[in-house]
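Presented below is the structure to which this report refers.
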Amino acid sequence: MAEAVREAVDENDGKRDLAVAVDGSWQKRGFSSKNGLVTVTSVDTGKVIDVEVFSKHCICPNKTKHLQNCKRNFEGYSGDGDSKAFTSIVENKVYGDHCSVEKLECIGHVMKRMGHVFDA
């Protein structure tokens, strides 16, 4: 993925302020999903530049004392986090004080929401 980041920076005239598309999914719908992932894709190159896997599943025999190789890295609600994710990124300044994050809506999602308004 490091190579994909370098390509995206090169494609953006050496600037590191990249336009990316972020999307996530849980293994199944509802609140009972134990695994999910998020991908970050460069808008310019179409290549994946980051992936994060989330798991609420603990394989440790003694649930109170976790093993070093436990894969659980997420606790909490596994519903639709889209509305909260952007706010969390901005409020927590995950990319530092020097970086501004702007949310652009995908035309497909906007059309899906607005399409129902025009159904007659």
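In order along the stretch 7-14, the phi-based Karplus estimate (6.51 cos²θ - 1.76 cosθ + 1.60, θ = phi - 60°) of 3J(HN,Hα) comes to 4, 5, 5, 4, 5, 9, 6, x Hz; Gly and Pro are listed as x.
Evaluate E = 1/(1 + (r/R0)^6) for ARG6 and THR87, where r is the Cβ-Cβ distance and R0 equals 22 Å; express this FRET efficiency to the nearest 0.05. Could you put the intermediate results ahead of the total?
Numbers: r = 30 Å, r/R0 = 1.38.
Here the calculated transfer efficiency is 0.15.
Listed values for the stretch 45-62 are Karplus-derived 3J(HN,Hα) couplings in whole Hz (6.51 cos²θ - 1.76 cosθ + 1.60, θ = phi - 60°), namely 9, x, 9, 6, 10, 7, 9, 10, 9, 10, 9, 9, 8, 10, 9, 5, x, 10, and x replaces Gly and Pro.
Among VAL22, VAL101, the order by Cβ neighbours within 10 angstrom, fewest to most, reads VAL101, VAL22. The modelled label-to-label distance between SER100 and ILE59, using points 7 Å beyond Cα along the C-beta direction, is 4.5 nm.
Throughout, read-outs are computed from the coordinates displayed, never taken from laboratory work. Only a predicted model underlies this, so the values are computations on that prediction, with no experimental measurement involved. Methodologically, a virtual Cβ is constructed for each residue, glycine included, from the backbone with ideal geometry; neighbour enumeration extends over all protein chains shown.
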